[in-house]
Amino acid sequence: MSTNTFDINGLSQQEVLAAREKFGSNSLDYKKENGFLKAAKSLVKEPMVILLLFASIIYFISGDFGDGIFLSSAIVLVATISFYQDSRSRNALEKLKNFTQPTCKVIRDGEIVEISSEV
């Protein structure tokens with residue numbers, strides 16, 4: 001790609017700072033949600049978990065505490081593994097998002113410079 005700027009000087013650093021102050025930065029601001037709460041809600045809504053919880057309640061009501069405790073601990077173990085996997089997936093997606101940030105080429109002070117699109 002050629003580095004010809006067609007005699008365009010572009011913006012100076014002071015003009016860039018003044019434009020950012022007047023118009024704001026070129027980024028999207030959104031509410032960051034709590035991933036743990038979202039994962040907990042989806043886990044509670046899972047039909048298999050509901051079925052297993054009712055089965056453990058039935059064990060406790062019928063007096064078979066050993067099976068009830070075993071089933072309850074299995075539910076907690078599966079939920080813990082699910083939360084761990086969800087956390088790792090969210091972290092991987094966040095890193096991928098940071099890795100794939102779009103860039104653009106602009107003319108600043110008469111030179112072509114590559115910057116992040118959000119700046």
Picked from segment 36-82 (must be of a type in the set (Gly, Ala, Ser) and within 30 Å of residue 94 (Cβ to Cβ)), the residue surrounded by the fewest Cβ atoms within 10 Å (Cβ to Cβ) is 42
Cβ pairs under 6 Å, 6+ apart or interchain, first in segment 94-119 and within 14 Å of residue 6 (Cα to Cα) and touching a residue at least 24 places away in the same chain (Cβ under 8 Å), second of a type in the set (S, T, N, Q) and surrounded by 11 or more Cβ atoms within 10 Å (Cβ to Cβ), ordered by first then second residue, are 107/5; 109/12; 110/9
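Are any of the residues in segment 84-98 over 28 Å from the mean Cα position of the chain (by Cα), exposed (fewer than 11 other Cβ atoms within 10 Å of the Cβ) and among the small types (Gly, Ala, Ser)?
Within segment 84-98, none of the residues are over 28 Å from the mean Cα position of the chain (by Cα), exposed (fewer than 11 other Cβ atoms within 10 Å of the Cβ) and among the small types (Gly, Ala, Ser).
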Among the residues of segment 18-35, which ones are surrounded by 10 or more Cβ atoms within 10 Å (Cβ to Cβ), farther than 28 Å from residue 90 by Cβ and not hydrophobic (A, V, I, L, M, F, W, C)?
20
All but one of (1) in contact with a helix residue (DSSP H, G or I) (Cβ under 6 Å, 6 or more places away or on another chain); (2) modelled with pLDDT of 90 or more hold for residue 35, so report the exception by its number.
(2)
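The values are calculated or read from the model by the stated rules, or taken from the named source; none is laboratory data. The shown structure was predicted, so the numbers you read here are calculated from the model rather than taken from an experiment. Using ideal geometry, Cβ is built from the backbone for each residue, glycine included, and neighbour counts are taken over all protein chains shown.
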